[in-house]
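Please read the structure below before turning to the comments.
The values are calculated or read from the model by the stated rules, or taken from the named source; none is laboratory data. Only a predicted model underlies this, so the values are computations on that prediction, with no experimental measurement involved. Cβ sites come from the backbone with ideal geometry, for glycine too, and all protein chains shown count toward neighbours.
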Amino acid sequence: MTATREDATHVGSTVEPGRGMHLTLRVWRQPNPSVKGKMVTYELDDISPDMSFLEMLDVLNEHIIMEGGDPVSFDHDCREGICGMCGVMINGMAHGPEQTTTCQLHMRSFKDGDTIDIEPWRATAFPVIKDLAVDRRAFDRIIQAGGYISAPTGTAPEAHSVPVPKKDADAAFDAATCIGCGACVAACPNASSMLFTAAKVSHLGLLPQGQPERNDRVVNMVAQQDREGFGGCTNIGECSAACPKGISMETISRLNHDLLGALRAGARPKS
Ligand code: SF4
Ligand code: FES
């Protein structure tokens, strides 16, 4: 397998011959984090426009396996746009040319004869595990630093006993739709995680249940994202444009507002 089209691996047929697309895939292959990776070219025939992008990668892997090769590693789980596991750079765009998850991207977004570059998320805080799979546990540690509330155990209180203004409930719900996919980081020239962290800070900070830890939450989550090696936010907005859930830049403004208030009130991150 080489990176030249002439020598590229030519892998099989998936729909009636002549009915599907011919694609040239240039895929990042890297056996493990300590080995230098490279782009490897594969030719794929008769790909149905109705396939999802991940199904197209499944077809590629079936053919690689049949030829005795090592299949391309990539993350996926629900394949319904809800778990946040999937995500690759497609022609330099996080999740590809549509504002959706990689699993919800369909091959009808490409044309017969296209060349498609497929790479892992690129960020220091998301090191490559293998091929297209990256380690996103940095996000888990940001959540652990403050993405929770304290609630008494026992019988759940009557729902209407804690009124929440509709405006706040809607904004909290919008923020809570973040699925932690990491596209915001991958799309950002600074590899900043501000949109993700802002979504997690907002969805709790907007609700009455999230008030007791509000100040500590924001200072600790921001401190953790800095410790993880994510870059700073310079309000470029690529994160929001790539976000499959449409988390807005306003969410980042809300985080900055909360952070300033918390620091003024004397909150300091745990070391
Ligand atoms: S803010 Fe959007 S792009 Fe970033 S992790 Fe959440 S869902 Fe993914
Ligand atoms: S596999 Fe779950 S969001 Fe794509």
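Applying the condition of being touching a strand residue (DSSP E or B) at 6+ places or on another chain (Cβ under 6 Å) and of a type outside the set (Asp, Glu) to the range 114-123 and asking which residue is nearest to ligand 1 (Cβ to nearest atom) yields TRP121.
Within 19 Å of PRO127 (Cβ to Cβ), modelled with pLDDT of 95 or more and of a type in the set (Asp, Glu): which single residue out of ASP50, ASP70, ASP75, ASP58 fits that description?
Sole residue among the options that is within 19 Å of PRO127 (Cβ to Cβ), modelled with pLDDT of 95 or more and of a type in the set (Asp, Glu): ASP75.
For ASP135, the conditions (1) within 18 Å of GLY182 (Cβ to Cβ); (2) more than 16 Å from ligand 1 (Cβ to nearest atom); (3) surrounded by fewer than 17 Cβ atoms within 10 Å (Cβ to Cβ) all hold with the exception of (2). Scanning the range 80-108 for residues that are surrounded by fewer than 24 Cβ atoms within 10 Å (Cβ to Cβ) and in contact with an Asp or Glu (Cβ under 6 Å, 6 or more places away or on another chain) yields a count of 4.
Within the range 164-181, being free of Cβ contacts under 8 Å to residues at least 60 places away in the same chain and among the acidic types (Asp, Glu) holds for ASP168, ASP170.
Could you tell me whether any residue of the range 175-185 is on the phi < 0 side of the Ramachandran plot and loosely packed, with under 13 Cβ neighbours inside 10 Å? No, that holds for no residue.
Each row is one residue, and each column tells you yes or no for (1) part of a loop (DSSP other than H, G, I, E, B); (2) more than 26 Å from LEU263 (Cβ to Cβ); (3) touching an Asp or Glu at 6+ places or on another chain (Cβ under 7 Å).
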{"position": "ASP170", "(1), (2), (3)": "no, yes, no"}
{"position": "ASN190", "(1), (2), (3)": "yes, no, no"}
{"position": "LYS200", "(1), (2), (3)": "no, no, no"}
{"position": "ASN215", "(1), (2), (3)": "no, no, no"}
{"position": "GLN225", "(1), (2), (3)": "no, no, no"}
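Only one of the listed residues (ASP226, ASP216) is among the acidic types (Asp, Glu) and either under 17 Å from the mean Cα position of the chain (by Cα) or farther than 18 Å from HIS203 by Cα (or both). That residue is ASP226.
Listed here are the residues, each with its yes/no results for (1) in contact (Cβ under 8 Å) with a residue 60 or more places away in the chain; (2) in contact with a Gly (Cβ under 6 Å, 6 or more places away or on another chain); (3) within 16 Å of ligand 1 (Cβ to nearest atom).
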| site | (1), (2), (3) |
| --- | --- |
| LEU23 | yes, no, no |
| ASN32 | yes, no, no |
| MET66 | no, no, no |
| CYS78 | no, no, yes |
| CYS83 | yes, no, yes |
| CYS86 | yes, no, yes |
| ASN91 | no, no, no |
| GLU98 | no, no, yes |
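Taken as a whole, the range 52-65 holds no residue that is assigned to a loop (DSSP other than H, G, I, E, B), of a type in the set (Asp, Glu) and either away from ligand 2 (no atom under 16 Å from the Cβ) or out of contact with any helix residue (DSSP H, G or I) (no Cβ under 7 Å at 6 or more places or on another chain) (or both). If a residue must be in a loop (DSSP other than H, G, I, E, B) and crowded, with 18+ Cβ neighbours inside 10 Å, how many such residues does the range 236-247 contain? Number satisfying all stated conditions: 4.
Looking across the range 255-271, the residues that are in a helix (DSSP H, G or I) and away from ligand 1 (no atom under 13 Å from the Cβ) come down to ASN256, HIS257, ASP258, LEU259, LEU260, GLY261, ALA262, LEU263, ARG264.
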